Amino acid sequence: MINSLFLINPSGEIFLEKHWKSVVSRSVCDYFLEAKEKALEPEDVPPVIHTPHHYLISIYRDKLFFLSVIQTEVPPLFVIEFLHRVAEMIQDYFGECSETVVKDHMVMVYELLEEMLDNGFPLATESNVLKEMIRPPTILRSVVNTLTGTSNVGDTLLTGQLSTIPWRRAGVRYTNNEAYFDVVEEIDAILDQSGTTVFAEIQGVVEACVKLSGMPDLTLSFMNPRLLDDVSFHPCVRYKLWESERVLSFIPPDGNFTLMTYHVNAQNLVAIPVYVKQSISFFECGSDGRLDVTVGPKQTMGKTVEGVMVTVHLPKTILSINLTATQGSYTYDNGTKLLVWDIGKLNPQKLPNLRGSLSLQAGAPKPEENPSLNIDLKIQQLAISGLKVNRLDMFGEKYKPFKGVKYITKAGKFQVRT
Amino acid sequence: SLPNSLCIVHFLISFSPSRNEDLKEMLESNKESLKLEAMKRVVGLIAKGKNASELFPAVVKNVASKNIELKKLVYVYLVRYAEEQQDLALLSISTFQRALKDPNQLIRASALRVLSSIRVPIIVPIMMLAIKEAASDMSPYVRKTSAHAIQKLYSLDQDQKELLIEVIEKLLKDKSTLVAGSVVMAFEEVCPDRIDLIHKNYRKLCNLLVDVEEWGQVVIISMLTRYARTQFTSPWKEDGVFDEHNERAFYESDEEKTRDETEAKPYMMDPDHRLLLRNTKPLLQSRNTAVVMSVAQLYWHLAPKNEVSIVTKSLVRLLRSHREVQYIVLQNIATMSIQRKGMFEPYMKSFYVRSTDATHIKSLKLEILTSLANEANISTILREFQTYVKSQDKQFAAGTIQAIGRCATNISEVTDTCLNGLVLLLSNRDETVVAESVVVIRKLLQIQPTQHSDIIKHMAKLFDNITVPMARASILWLMGEYCERVPKIAPDVLRKMAKSFTSEEDIVKLQTVNLAAKLYLTNSKQTKLLTQYILNLGKYDQNYDIRDRTRFIRQLIVPNDKNGALSKYAHRILLAPKPAPVLESAYKDRDRYQLGTLSHTINTKASGYLELSDWPAVAPDQSVRNVEVIEPVKEWAPSLGKTVKSKPAKSSDDKFYSDSGEEEEKGSGSSSSEDGSSSSSSEGVLHILQNERVCPESGSDAESHVQKNSSQTSEESDKSSSQSEKSSSESDSEKKERKTKTPLQKKTSWTYVTKQQHTKTIFVNVINQHSVLQTFSYSHWSTLCVSLFTQLCPLSLAFPLQLSGPAFVPEKSHDLLHRMTGKGLSAQYQFPRQPCLYQPTMVSVQISLTNTTDHPLEQIHIGDRSPTGLNIHCFNTIECLEPEASVTVFMGIDFNDSTQAANFQLCTKEDHFSVSIQPAIGELLLPITMTELDFRKEQGKLLGMNESSATITMAAENMTSQPISRPVATVANLGMVPSSQDNVHRFAGKTANSGAVVLVTVELRGESTALITINTEKSVMGSMLLRDLKLALAQA
């Protein structure tokens, strides 16, 4: 299926290659690099490229291109999903996914890739299984390894791959048994000039961090599961029980994982936590414009809105800007024309405001369209959909675990048109 | 000076041209750490794409290294360069051949994996043999690896196809979820046309599907989609005749089904067709986007029209995923939305474009919005489009204008509105926008030109300001086509063009020539000279298309004497009424490719694309999918299930199954098909039936590999391997079992706390009926059992001895027959610590036989034994052992709970060798699990004479639990008992022959002393065990 993988940095340098079948010359990447040259942004490179002898399927993530070479028909999503798993695996092992990290751990990344595919077909993609075969580096371990000459390659016989619960390691032991769940909701919204909601929905995800000994069997139930419109689960969740009783019943993987994602789609139900008053105008004559943006809290359910940030892609014809913020600070990159206003906490008594003048390049026409504003925000201890975890029960083990649930609401793709 | 010299070394290594020499030296040194360091650097070179092939001889020497990491790195190297260095690569082959016989399944699997990745044609026969053997391996993991190897061998040598198909056929019958995805992948690559191989496995694959790993699911679903299109009739003729009644048919007898079929005048869905749809549906909730997409395409291609829309929500959900995922999903939605607007219309707003979307995402969303437009929503969509037209991304704005054009043609109510809107755009400041508007207006006008001469005039006025060639050409064409409507303007435009002709683009020149010709025909008085001037310019143009066209036009409109025949028709040729262009989606007819495929994405047939056939008019024989149902195995779980269902202690099995059938039909929907967990439990549970009930099903099982040789005693120590082994040897009753287990599980998990009293009886029941020993396993089910069990203990039940898997299996093997005394036959034995399958009172022994002679040894078997009463289960006679070959076999020996050696003769055709096996006392035990409470209770019964103890001194750093349990487990095959005190460790086991309980307590008493206590009624064994433990722990 997947013949080869190339990791390419934004400047077009190939810094890692791995082949699972016959070696494919790296010159095949030229077709890709050509397409990359043509694209304005790295995001615009087409994910599937058809060359005379090969098909190139690539993803762009964390400022890196993961390019796979395919020779025969294969579902493109199969490859794309796998490439993202590779990126996640690197992130999971080394804390971040970047060129430096991959270069620093070249051999380990290579070994991991070797285990992930056999003849181009995924073999071990579960983090728990991989970690049993190749242990992730820690500072302590790397010191020990240098001193003793031992290695990170597991010498125990792994059981995960053979078990019917491949996502969980066997023989897990903790002195403190804990299970934490984060209910994170993101509001995707488009607001028009007048502040009317054009489109809004809530995307939620339940992230779990479970450190429990043995083989715990957990059941998580919600107060109001009917809110959830569409769900997807980690393979550990028993779908039938969800269907019949609307509870999540599962034997969890060890460590961090995404338990479920969900979708809340009733438009009128979506509370928009902030409002934005804005006016961006360019004068017909002369090369001047004005910008005036105010952000205020709207439906916040009595919680404080934090981490508010406004990002604007200003038109290419802007020469310079001169703005004053009553709260927070703004940065402006004249190369990318990116204006970022970092507000922080919203204070309902004193609304933050950013205003000032924009000047256009001499002779440039007045921009056709005003740039839209992308809003970032965070509300602690609130799931904006109103979803609430009812209880968590554990079966199968005797100890009493420590349990915790946290709610966060964030802005997802939250856009205000101007 | 040390750092200094290091620097120099580093310098040499990284820059000197002879750095590979250094690596070579390091590889050839005898220090493991140097070798490892060197291999890491070599692999680093490979990863960077640098050539390291010259190191091959130095690297290949390390292929048999004991260091696992080093060995792995050597494998990586070998696979990468074997193709280039074929002769040298052959040196490593024998290592792998040896490893293929290793008792450890993981070593066998990795050997096969590497061996089959070495692309050296000379070893094809060896690979073929290895694949065949691995395909009947006991371990499903090895069988999975063999399925992967099939594809590798096939790509190396296509002549092996027929032999490989045989292996595929065998593996397709495999019941392990581990194997299913991989073998279907092999099937798709090697023999996708052999649909006949699928028939008998179809239902099994459908039922396994939810439990297969996600990547395998994608492959299986795609294959089943193709299969279904060849086997079932189209559900699309009439909708809605299927109902729940139909589902039941599947579980009824075959005759009934066929009768149903013949009677069915209106469309009746084949139950197998329904089975597939039903079993794939839950996978729409998968986190893997590829799985969701593959289910969506399956529904698109196979489901009745009114059921397809259940996939909508899931596809829309995928739009939240990564950009690349969005791209593929949007493409597929684009294709779907052309045929089935209704599916996605409710989710229209999910396709609204954001300014942050990538270009290709934007245009796909536009495409879909256009397809979704209808009379009801067009005003909303047009309002949205207005925002897009103003976008800073001009390419996208242009795309929007085309989209508006398409809406205008598709929905006649808004044609005028759109046209007016587009005309307004003609005054836009951006050239691309204007040009695109012109082109689209041109197309719209062509559809209804009569009312719009003022628009044409307006465009003529704009002509001077428009520079984009396509737009200019479009205006010129409009002028020419409708010159009679703008009689005054057209000649003037021609005049301007005559002036600028030479500096125009080719496409504009062609249209100028066109315009000139048309005007000449309609208004020759004003334009004759202009036309001739333009034709003259065209005659000497650099572009031959223009010269060509000019020549043609001249002949057509200004005839000379010789060939005026055509010019009579010039008017009719040039000014013929032309059909209006159809503005349609680029995604129209894309569904000639199976959705979700690469071919669909690139809109051309990718190599290896498998065509989806049309539905057959008449369904092929459906009985081909029938599988003989083997009598369900009598197991404890179903009957437990039944007891829970409130009718305790009824044990007639057939009655029971019909019960469960009823329950099925009454349809607690959840019981009919299973979710991930319930089935994993049915596989995960290892039931070992005690004593006289020696696994009845393994006897009745048709699977040859279990019976073929005496390797039945799982040659693998690993607990989980034996679990899955068990599951694969479970007969066809699997499905039925699951059916019944599911409701049971559900109930148990929710009720056991409140119904303790009730469950108690159940448990007693189970124990009485089947004397089941159940191991601790990783499954949901067993953990429930254990928790039940621990809860019940206070109720003073006679608890069963629960066998557990070994805590630790020592790798140590002992010499049975040295090759010198054995005239070249050498034998070693070790204790795999698995319960013996032949007889529970036996201890299983694993024997590896190697032929070190240069001739084959024939008929290796076991001869006379002493003491004569010794009860041995022999391995089957080995007919022939080739030189250099080795074989691993299993035998069972009843040591009668004593360490007295078992003496017997190992015979070949010519010779007899007396050998003996003397077991350590610890090997005569089998581990059991119990709670701490039970342990204490048992211990209380075994005091005085039955107790032996000793105090020993041990090193302080070894006083934590890990180092204690390890040496104990090494010495004796005991199970750990959970302990509430940190300093007390408890272990429990029972003797193999008499089943007497053996309890070991190790109590750490600070100051590096420990008290070992052993309680057992077999006091001789107790004291021997104590001696061994003292020795081991004092060392530790």
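Between the range A:73-87 and the range B:565-583, the C-alpha centres lie 52 angstrom from each other.
Within the range A:311-382, what is the number of lysine pairs with alpha carbons under 20 Å apart, leaving out pairs fewer than eight places apart on the same chain?
Values: A:Lys316/A:Lys337; A:Lys316/A:Lys366; A:Lys337/A:Lys366; A:Lys345/A:Lys378; A:Lys350/A:Lys378.
Value for the range A:311-382: 5.
The H on the amide N of B:Asn871, modeled in the peptide plane, is under 5 Å from the matching H of B:Asp894, each at least 5 residues off or on a different chain.
Taking each residue of A:110-123 in turn, how many C-beta atoms of other protein chains fall within 10 Å of its C-beta, and what is the average? Intermediate values should be presented prior to the final figure.
Numbers: counts 8, 7, 0, 2, 7, 1, 0, 2, 12, 14, 4, 11, 7, 7.
Per residue, the average neighbour count from other chains is 6.
With the helix formula -39500 (n - 2.57) applied to DSSP H stretches of n ≥ 4, chain A reaches a computed 222 nm mean residue ellipticity of -5000 deg cm²/dmol.
Can you give the extra length, in nm with one decimal, that the chain gains between B:Thr380 and B:Glu413 once fully stretched, where that is 0.36 nm per residue apart less the Cα-Cα distance?
Working: separation 33, 0.36 × 33 = 11.88 nm, distance 1.41 nm.
Taking B:Thr380 through B:Glu413 to full extension adds about 10.5 nm, to one decimal.
Pairs with C-alpha atoms separated by more than 21 Å, drawn from the list B:Lys443/B:Lys496; B:Lys394/B:Lys496; A:Lys240/B:Lys305; B:Lys941/B:Lys1030; B:Lys496/B:Lys528; A:Lys413/B:Lys365, are B:Lys443/B:Lys496; B:Lys394/B:Lys496; A:Lys240/B:Lys305; B:Lys941/B:Lys1030.
Karplus-derived 3J(HN,Hα) values for the range B:416-422, using 6.51 cos²θ - 1.76 cosθ + 1.60 with θ = phi - 60°, are 5, 4, 5, 4, 4, x, 5 Hz; glycine and proline are entered as x.
If one computes the Cα centroid of the range B:357-398 and of the range B:170-230, what distance in Å separates the two points? Cα centroid to Cα centroid, the span is 41 Å.
With respect to the cross-link table entries A:Lys21/A:Lys103; A:Lys303/B:Lys362; B:Lys390/B:Lys588; B:Lys341/B:Lys457; B:Lys66/B:Lys823; B:Lys48/B:Lys362, which display a Cα-Cα separation exceeding 26 Å?
Working: A:Lys21/A:Lys103 23 Å; A:Lys303/B:Lys362 36 Å; B:Lys390/B:Lys588 28 Å; B:Lys341/B:Lys457 38 Å; B:Lys66/B:Lys823 28 Å; B:Lys48/B:Lys362 36 Å.
Cα-Cα > 26 Å for A:Lys303/B:Lys362; B:Lys390/B:Lys588; B:Lys341/B:Lys457; B:Lys66/B:Lys823; B:Lys48/B:Lys362; rest within.
Considering only the other residues whose Cβ falls under 15 Å of the Cβ of B:Cys418, what net charge follows from Lys and Arg at +1 and Asp and Glu at -1?
Details: positive: B:Arg383, B:Arg406, B:Arg442, B:Lys443; negative: B:Glu375, B:Glu384, B:Glu413, B:Asp416, B:Glu436.
Local charge sum for B:Cys418: -1.
In loop segments of the range A:307-363 as defined by DSSP, the trypsin sites (Lys or Arg not before Pro) with at most 11 further C-beta atoms inside 10 Å of their C-beta are A:Lys316, A:Lys350. Local charge for B:Thr1013 was computed over the other residues whose Cβ lies under 10 Å away, with Lys and Arg +1 and Asp and Glu -1, and equals -1. The length gained by stretching the chain between B:Arg194 and B:Arg936 to full extension, at 0.36 nm per residue less their Cα-Cα distance, is 260.9 nm.
Every number here is computed from the coordinates shown, using simple stated rules; none is lab data. Given the structure is predicted, the values throughout are model-derived calculations rather than measurements. Quick reminder, even Gly has a Cβ in these numbers, built from the backbone with ideal geometry, and neighbours come from all protein chains shown.
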